[in-house]
Amino acid sequence: MTVTIDKPVTSANKPATETPSAVIDRISLVLDAFDGPGRLTLAQVVRRTGLPRSSAHRMLERLVQLRWLRRDGRDYELGMRLVELGSLAVHQDRLHRAAIPKLHELHAATGLVVHLAVLDGTDVVYMEKVGNRMAAAIPTRVGGRQLAHCTAVGKAMLALADEDDVDVLGSDFIPRLTKYSISTHVQLRAELLKVRSHGIAFDREESLPGFGCVAAAIGDPGEAVAAVSVCGPMNRMMFDQRLVAPVRMAAMNIWRAVEGGPVRVTPTLQQMRPLRGGPAVHPGIRPAHATPRKLA
């Protein structure tokens, strides 16, 4: 990305002062350069931001002083203050607070890794990850991103998104993560139609070889604010009601907790027939008595 920085207007004897918005824009530009793993040198920051070397160096050193960044020799990385603020942002989120106990219940019921994610453009962003030693084998992290159309949580939300949100994926051929990933809009639309019909989304080695996921959207009927999933090795995944039912229940319980509803269903691993035709109604689920409200 090429960024053009306008030179400040100067008088005959005194340079003009940068406006607060211009300073904030530059700080954001510098911090956005660290969107990825690893450390960056001054030269890399200059190359990624397009800022003058002296300006970039001055801002980097000031951000180090504020603990927004950390410097080790000539290398810079995100600092503890950003970690603290990011953690506070997540834990202050109403959806996240409501979801945490339900995510742990779903993990206990299935023994699989559980994710909570939201949709951001063509990506999903993971808000929480719950699991045991198996979690280390799945390279997701809180705050991390993944291509939405390659994940179960992403497809669960895309199925309820506007057509324009799906079209932003671009050309006829869309990026793949594995040989099983959806690669065309025709395939994607057919897949999202099935997800919309059944109310459940699957990932069969589409985002990570050897692993699968089952996901359901969280939110009002026909609208998603987030999604929850269970993930694990393919030899432990059951793409039928045995996992579909507890995932659906978890999604329902999370939304009711956000809405303050009284109904709560404990997710349990189901021994039921494979899903056929459309979503089955589990006998333990009752319709909500109050009309759900949109999440603020």
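The values are calculated or read from the model by the stated rules, or taken from the named source; none is laboratory data. It should be emphasised that the depicted structure is a prediction, and the values quoted were computed from it without experimental measurement. All Cβ positions, glycine included, derive from the backbone under ideal geometry; neighbour counts span all protein chains shown.
Looking only at residues of segment 84-116 that are part of a loop (DSSP other than H, G, I, E, B) and at pLDDT 90 or above, we find that the one that is nearest to Tyr126 (Cα to Cα) is Leu112. In the set (1) under 26 Å from Asp93 (Cβ atoms); (2) under 21 Å from the mean Cα position of the chain (by Cα), the condition left unmet by Gly260 is number (2).
Being farther than 17 Å from Thr122 by Cα, touching a residue at least 60 places away in the same chain (Cβ under 8 Å), in the same structural domain as Leu147 (by TED's automatic domain parsing) and not in a helix (DSSP H, G or I) is a condition met by at least one residue of segment 196-204.
Determine which member of the set Leu60, Leu51 is in a loop (DSSP other than H, G, I, E, B), more than 25 Å from the chain's Cα centre (by Cα) and modelled with pLDDT of 90 or more.
Numbers: Leu60 fails: in a loop (DSSP other than H, G, I, E, B).
Of Leu60, Leu51, the one residue that is in a loop (DSSP other than H, G, I, E, B), more than 25 Å from the chain's Cα centre (by Cα) and modelled with pLDDT of 90 or more is Leu51.
One residue stands out among those in segment 22-48 that are among the basic types (Lys, Arg) and more than 16 Å from Arg74 (Cα to Cα): the one that is modelled with the lowest pLDDT, which is Arg26.
Every residue, every condition in (1) over 24 Å from Glu105 (Cβ atoms); (2) modelled with pLDDT under 95; (3) aromatic (Phe, Trp, Tyr); (4) surrounded by fewer than 19 Cβ atoms within 10 Å (Cβ to Cβ), yes or no:
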position: Ala190; (1), (2), (3), (4): yes, yes, no, yes
position: Gly219; (1), (2), (3), (4): no, yes, no, no
position: Val230; (1), (2), (3), (4): no, no, no, no
position: Met237; (1), (2), (3), (4): no, no, no, no
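Of all residue pairs spaced 6 or more apart or on separate chains, those with beta-carbon atoms under 6 Å, a first member in segment 224-249 that is assigned to a strand (DSSP E or B) and a second member that is of a type in the set (S, T, N, Q) are Val230/Thr110.
Have a look at Ala152, Ala98 and point out the one that is over 16 Å from the mean Cα position of the chain (by Cα) and of a type in the set (Gly, Ala, Ser). Show your work before the answer.
Details: Ala152 fails: over 16 Å from the mean Cα position of the chain (by Cα).
Going through Ala152, Ala98 in turn, the sole match is Ala98.
Listed conditions (1) part of a loop (DSSP other than H, G, I, E, B); (2) modelled with pLDDT of 85 or more; (3) surrounded by fewer than 11 Cβ atoms within 10 Å (Cβ to Cβ) are all met by Thr2, apart from (2).
A search for C-beta distances below 9 Å between a residue of segment 62-79 that is assigned by TED's automatic domain parsing to the domain that holds Leu40 and any residue that is loosely packed, with under 13 Cβ neighbours inside 10 Å and assigned to a loop (DSSP other than H, G, I, E, B), counting only pairs 6+ apart in sequence or on different chains, returns Asp75/Gly38; Glu77/Gly38; Gly79/Leu66.
Would it be correct to say that Arg196 is out of contact with any Leu (no Cβ under 9 Å at 6 or more places or on another chain) and modelled with pLDDT of 90 or more? No: the conditions fail for Arg196.
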